[in-house]
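Undergrad: The structure that follows is given in the form of structure tokens.
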Amino acid sequence: MIERISILGTGLLGTSVGLALRAAGFKGTITGWNRSVEQGQIALAMGAIDALASDAIEAARESEVIVLAVPIFATLDFMERLAPVLGPDQLVTDVGSTKRVIAETAARLYNTPERAAFLPGHPMAGKERGGAALGDANLFRGAVWLFTDDQTRPRSLRGSQLVKEWREWVIAMGAKTLDLGPDRHDELVAWVSHLPQFTATALSALLEEEVGDAPELKDVGGRALREMTRLGSSPFSMWRDIAHTNTEAVASALLALEQRLALLRENLRTPELRNQFEQANKFRRE
């Protein structure tokens, strides 16, 4: 039974994991760490963690399950630093938005008889802004939590047990689990998550440049503007790492969108415009 969990990174996702675990009935100890002490203190005050550690590695040493809830490059750094100091009775998992590089690193550093298990994970949940104060015990309820462990199966009995228990806690937090290979994961999320983000970023940046100083903007811009630009406030610090670790898939999706926008532009007065709307309506109905 899992009794000690550490969450390295108490931003939106890390704080939400702690809150969701408590709401699901987890009775063990949850220790948090954050590069920003202020963010860690907020998570502590909210009850997402029981204690705030000053040393992330030491907190991990004393835990059975270590949740890496930091940007992808920081996750990779922690994976390198933790691998030599953890043992086969421990499990490391993450919440990163791309999985190929993380799965490859896990296959190299973890899941041997002498080392900790590693379970690559990605909850398809979040908000356009980050920070501990936005942590939500219900953030994962009804969401899909993806796992890409086909290349990273633990080789110790305890590691396998911890993986099973952690997956059960994810379900207890209200999420539905789905297993994908890391390459397939990155291909799919490029379309359904990364493309919408970069589209919203491009649109928001364009609007800021073209009409951002228009005094009538708040009155003229309605629901469509709010919904289409909501993701425009997402932080660069997180999306930089995603762009660097899923470049090919994101670039391919963006190119396809560019071509589709060109098709629309060229057919504003032809029957093809109707076809595009019908195809879009079909996707929404499904």
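Undergrad: Could you state how much accessible area Glu210 has, in square angstrom rounded to the nearest 10, with a 1.4 Å probe and all protein chains kept in place?
TA: For Glu210, solvent-accessible area is about 120 Å².
Undergrad: Do you know the relative contact order of the stretch 71-202, to the nearest whole percent, from alpha carbon pairs under 8 angstrom that are 6+ apart?
TA: Relative contact order for the stretch 71-202 comes out at 26 percent.
Undergrad: Based on the Cα atoms of the chain, what semi-axes does the equivalent ellipsoid have, where each is the square root of 5 times one gyration tensor eigenvalue, given in whole Å with the largest first?
TA: Computed over the chain, the values are 38, 22, 17 Å.
Undergrad: Hey, what angle do you get for helix 157-172 against the long axis of the chain, alpha-carbon based, 0 to 90 degrees rounded to 10?
TA: Value to nearest ten degrees: 50.
Undergrad: Counting only DSSP beta bridges with both residues in the chain, what percent are antiparallel, rounded to the nearest 5?
TA: Of the beta bridges lying entirely in the chain, close to 10 percent run antiparallel.
Undergrad: In deg cm²/dmol, rounded to 500, what helix-only [θ] at 222 nm does the chain give when every DSSP H run of at least 4 residues adds -39500 (n - 2.57) and the total is split over its residues?
TA: Computed ellipticity for the chain at 222 nm equals -15500 deg cm²/dmol.
Undergrad: Share of the chain's accessible area from carbon and sulfur, percent, 1.4 Å?
TA: 54
Undergrad: Ignoring everything but the protein chains, give the 1.4 Å probe accessible area of Ser252 in square angstrom, nearest 10.
TA: Using a 1.4 Å probe on the heavy atoms, I get roughly 70 Å².
Undergrad: I've got another one for you. How big is the stretch 1-79 along each principal axis, measuring the range of its Cα positions in Å and listing the largest first?
TA: Projected onto the principal axes, the Cα atoms of the stretch 1-79 cover 32, 26, 20 Å.
Undergrad: Same structure, new question: So, for the stretch 28-111, what is the accessible surface per residue at a probe of 1.4 Å, expressed in square angstrom?
TA: 39
Undergrad: Here's another thing I want to ask about it. Under unit Cβ charges (Lys, Arg +1; Asp, Glu -1), what dipole magnitude, rounded to 20 debye, does the stretch 117-206 have relative to its Cα centre?
TA: 260
Undergrad: Antiparallel DSSP bridges in the stretch 59-201: what percent, to the nearest 5?
TA: Of the beta bridges lying entirely in the stretch 59-201, close to 20 percent run antiparallel.
Undergrad: Please state, rounded to one decimal and in Å, the Kirkwood hydrodynamic radius that the stretch 99-201 gives when every pair of distinct Cα atoms enters the mean of 1/r.
TA: By the Kirkwood definition, the hydrodynamic radius is 14.9 Å.
Undergrad: For the stretch 124-276, divide the Cα radius of gyration by the Kirkwood radius and give the resulting Rg/Rh value with two decimals.
TA: Rounded to two decimals, Rg/Rh equals 1.06.
Undergrad: Same structure, new question: Averaged per residue, what accessible surface does the stretch 146-191 expose to a 1.4 Å probe, in Å²?
TA: Values: 2330 Å² over 46 residues.
For the stretch 146-191, the solvent-accessible area averages 51 Å² per residue.
Undergrad: Grab the Cα-Cα distance for Arg285 and Asp183, subtract it from 0.36 nm times how many residues apart they are, and report the gain in nm with one decimal.
TA: Details: separation 102, 0.36 × 102 = 36.72 nm, distance 2.80 nm.
This chain segment gains 33.9 nm when fully extended.
Undergrad: Another question about this same structure. With a ≥ b ≥ c the root eigenvalues of the C-alpha gyration tensor of the stretch 212-286, is it rounded (a/c under 1.5), prolate (a/b larger than b/c) or oblate?
TA: Oblate.
Undergrad: Hey, another quick one. Taking a quarter of the surface of the Cα convex hull of the stretch 1-40, what do you get in nm²?
TA: Working: hull surface 10.7 nm².
Averaging across all directions leaves 2.7 nm² for the Cα convex hull.
Undergrad: A follow-up question, please. Using each residue's phi in the stretch 244-249, evaluate 6.51 cos²θ - 1.76 cosθ + 1.60 at θ = phi - 60° and report the 3J(HN,Hα) Karplus result to the nearest Hz, with x for Gly and Pro.
TA: 6, 9, 9, 4, 4, 5
Undergrad: Leaving out ligands and nucleic acids, and using a 1.4 Å probe, what accessible area per residue does the stretch 234-286 come to in Å²?
TA: Using a 1.4 Å probe on heavy atoms only, each residue of the stretch 234-286 averages 81 Å².
Undergrad: Then there is this: Suppose a student asked you for the relative contact order of the chain, using Cα pairs under 8 Å spaced at least 6 residues apart; what percent would you report? List each step's numbers first, then the result.
TA: Values: 493 pairs, mean separation 49.4, N = 286.
Value for the chain: 17 percent.
Undergrad: Something else now. What accessible area, in Å² to the nearest ten, does a 1.4 Å probe give for Ser36?
TA: That residue has around 40 Å² of solvent-accessible surface.
Undergrad: For helix 195-211, what angle does its Cα long axis make with the longest principal axis of the chain, in degrees from 0 to 90 and rounded to 10?
TA: The helix 195-211 is inclined about 50 degrees to the chain.
Undergrad: Within 10 Å, at most 15 other Cβ atoms, and a DSSP state outside H, G, I, E, B define an exposed site. Report the longest part of the chain free of exposed trypsin sites (Lys or Arg not before Pro).
TA: 156-268
Undergrad: Quick one: ranking Glu128, Glu248 by accessible area, 1.4 Å probe, largest first, what do you get?
TA: Reading off the accessible areas and sorting them downward yields Glu248, Glu128.
The values are calculated or read from the model by the stated rules, or taken from the named source; none is laboratory data. Fair warning: this is a prediction, and the values are worked out from it, not measured in the lab. Because the Cβ atoms are built from the backbone with ideal geometry, glycine has one as well, and the counts that use them run over all protein chains shown. When the accessible area is computed, the model is the full protein with side chains, heavy atoms only, and any ligands, DNA or RNA have been set aside. Shrake-Rupley method; radii C 1.70, N 1.55, O 1.52, S 1.80 Å.
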